[in-house]
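Here the structure comes first, spelled out in structure tokens, and everything after it is commentary.
Read the figures in this text as sums done on the coordinates, not as results from a lab. This is a predicted model, so every value here is computed, not measured. When we count neighbours, we look across all protein chains shown, and the Cβ atoms used for this are built from the backbone with ideal geometry, even at glycine.
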Amino acid sequence: MLRKTLAAVILVPLALAMVGVAVANRSAVSVSFDPFNPANPAYVLDVRLFVLMLVLIALGVVVGGVAAWLNQRKWRRAARRHQLEARQARDEAKALRERIEASEAHDARGAHDARRAGLPMALRPPAA
């Protein structure tokens, strides 16, 4: 609930500001992609100023997201490594539990057989 309220408090004024900028900057501007000949550029794009601003903001968000994703590479790698180690530890613990259960079952059968045969404790088979 707090997260939604905080998002609304931030996003609503931001959206209103963007609408205000778009209404105030409806005139067309020329964007040149030729830095070597500013007087007679090879390619000029005429766009509305608010469209240019929104495109540049969106491009900045995408570039920032990619940079953050690339910067978190070491954390994702560590998480994968820890996940693999945890899986191996669970498998090892399961195998050890199964060995203990099998050993206890074998010891119980061996002790029962030794008692039935009347063997003294010193002659009974050792526990595995």
Spin-label point model (7 Å from Cα, Cβ direction): what's the K94 to A22 distance in nm?
-> 5.4 nm
Cα centroid separation - the stretch 6-28 against the stretch 30-102, whole Å = 27 Å
In the stretch 48-87, with Lys and Arg counted as +1 and Asp and Glu as -1 at Cβ, which of these residues, A67, L84, L56, has the Cα nearest the positive end of the dipole, that is, farthest along it?
-> L84
The long-range amide H neighbours of V31, using H built 1.01 Å from N in the peptide plane and a cut-off of under 5 Å, are L45, D46, V47
Here P(r) for the stretch 1-118, Cα-Cα distances in 10 Å bins, as whole percents, is 10, 15, 17, 14, 11, 9, 8, 7, 5, 3, 1, 0
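So if each residue of separation counts as 0.36 nm, and I subtract the Cα-Cα distance between A86 and I57, what length gain in nm does that give? Could you put the intermediate results ahead of the total?
On the way: separation 29, 0.36 × 29 = 10.44 nm, distance 4.18 nm.
Extra length available between A86 and I57 comes to 6.3 nm.
Quick one: order H82, H106 by neighbouring beta-carbon count within 10 Å, fewest to most. Mind showing how you got there, number by number?
Values: H82 10, H106 13.
Fewest-to-most Cβ neighbours within 10 Å comes out as H82, H106.
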